[in-house]
Amino acid sequence: MIYVVCGPTGSGKTKASLVLSEKLSAPIINADAFQIYQDMNIGTAKIEKDHPLYDRHFLLDIKKPSDSFSVQEYQYLFRKTLEQLQKQYDNIIVCGGTGLYIKASLYDYDFPKDNNVDVSDLEKLSNGELFALLEEIDHDATINLHKNNRKRVIRAITIARNGLTKSENIQKQKHEMIYSDVRILFINPDRTKLYENINNRVDQMFDEGLVNEVKNLLNNYELSLTAKAAIGYKEVISYIQGELSLEECKELIKKRTRNYAKRQITYFKNQLECEAYSSSEQLIKEIKDGINI
RNA sequence: GGGAGGGUAGCGAAGAGGCUAAACGCGGCAGACUGUAAAUCUGUUACCUACGGUUUCGGCAGUUCGAAUCUGCCCCCUCCCA
């Protein structure tokens, strides 16, 4: 059985996954886009290296902050890792908050190979022009896409220039999970409590030395575009550079984390078939009591 | 005590007689999502028994066919001089 423990940041996924891991003697595959990075610990709320269960984790600390990363690579690593682990374990836990990584790994998502087609001509086009162009070459891809979502419009055009269009690629998939026996446990706490929790956790990160962690990162690495996008890191960088006061920096991180949590909830609720739990405590209780698990 | 400027939806902030239930930003809520996803983007946000109705722009009383916008009084806030 594959147990996916998911939920927004600050919902207590890690705690619950550890309890479940002990109970089932199962390994844990990380499904968090930023916990894959080494030396990004405090800001990603990663389990400590000296934790007794640290060694049960996979896809944790596997990349340098200077490396870029993508869903495609994650999907590849996930499937490879899972295959290996399944030889040894009956139960496997997947824990993380990056919905797309989870979905792309579990379902038959198939990312086209990048042939490095030239798309430099697209940069100078307006959103409207890009959208019109996409309508010509892949009208179906346009249906659920807003013209202002420039990034995705460009990606869809790029895919089409690669060979198969995005919609053709999606059509040829069955939209089914490629694994059987998967249960997705979704921790969806009360909103007010979640937000409070996030606010407190950010303050705690600063107490634990987030600023120093970021300083060390800047000294040791040329951060990749992906690593640089992490909430809690980009803001502290602005603080270090004097663009924000400490207070502004903290508040901004809290706000962006709350916004992010909201987006995660939307994703889990609507993109995955989840069993919902109202708190990590509830999940943990059911695990311990052996209810349903 | 004298002088100046203010009080607008959850917050910030426009509007200076009808086109205003009130721009815009933030926050909130809802949603999309197939190579940066802690990203990118969209919708919505006074209230209601909602193709219509009800009550709003510090308070009260006026002027006017019509007021957030004009007048009077009152209550608060900020700054400057005492």
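Tabulated data for the structure shown
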{"item": "Relative contact order (%) - criterion: Cα under 8 Å, at least six apart; region: chain A", "result": "30"}
{"item": "Computed FRET value (nearest 0.05) for A:Lys87 with A:Asn149, which takes r as the C-beta separation and R₀ as 35 Å", "result": "0.25"}
{"item": "Summed side-chain charge close to A:Tyr267 - residues other than A:Tyr267 whose Cβ falls under 13 Å, Lys, Arg +1, Asp, Glu -1", "result": "+3"}
{"item": "Distance between modelled label sites at A:His51 and A:Lys228, nm, 7 Å Cα→Cβ extension", "result": "3.0"}
{"item": "Label-to-label distance, nm, for residues given as A:Glu123 and A:Val211 (7 Å Cα→Cβ offset)", "result": "3.7"}
{"item": "Cα centre as origin, Lys/Arg/Asp/Glu Cβ charges: the stretch A:1-96 dipole, Debye", "result": "160"}
{"item": "For the stretch A:1-124: relative contact order, % (alpha-carbon pairs under 8 angstrom, 6 or more apart)", "result": "38"}
{"item": "Surrounding net charge for A:Glu235, when Lys and Arg each add one and Asp and Glu each subtract one, Cβ distance under 15 Å", "result": "+3"}
{"item": "Relative packing of A:185-191, A:224-230, which averages over residues the other C-beta atoms within 10 Å, highest first", "result": "A:185-191, A:224-230"}
{"item": "Gain in span if fully extended, A:Tyr260 to A:Ser238, counting 0.36 nm per residue against the direct Cα distance", "result": "6.0 nm"}
{"item": "Distance from the stretch A:105-170 to the stretch A:236-267 (C-alpha centre basis), Å", "result": "30"}
{"item": "Protection proxy ranking of A:1-13, A:269-281 - average other beta-carbon atoms within 10 Å, highest first", "result": "A:1-13, A:269-281"}
{"item": "Rounded FRET efficiency, nearest 0.05, which uses the C-beta distance separating A:Lys23 from A:Asn292 and R0 of 22 Å", "result": "0.95"}
{"item": "Unit charges at the beta carbon, dipole of chain A: most positive-side option, A:Asn216, A:Asn270, A:Pro8", "result": "A:Asn270"}
{"item": "Whole-Hz couplings from phi, Karplus 6.51/-1.76/1.60, listed for the stretch A:182-199; x for Gly and Pro", "result": "10, 10, 10, 9, 10, 8, 10, x, 3, 4, 4, 5, 4, 5, 4, 4, 4, 4"}
{"item": "Using a Förster distance of 45 Å, the FRET efficiency for A:Tyr179-A:Glu247 (Cβ separation, nearest 0.05)", "result": "0.45"}
{"item": "Net charge of neighbours whose Cβ lies under 14 Å from the Cβ of A:Arg191, counting Lys and Arg as +1 and Asp and Glu as -1", "result": "+3"}
{"item": "Cα-based equivalent ellipsoid of the stretch A:1-113: semi-axis lengths in Å, sorted from largest, via gyration tensor", "result": "20, 18, 13"}
{"item": "Isotropic mean projected area of the C-alpha convex hull, the stretch A:74-182 (nm²)", "result": "8.2"}
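Read the figures in this text as sums done on the coordinates, not as results from a lab. Because the structure is predicted, anything quoted here is derived from the model rather than measured. Backbone-built Cβ (ideal geometry, glycine too); neighbour counts: all protein chains shown.
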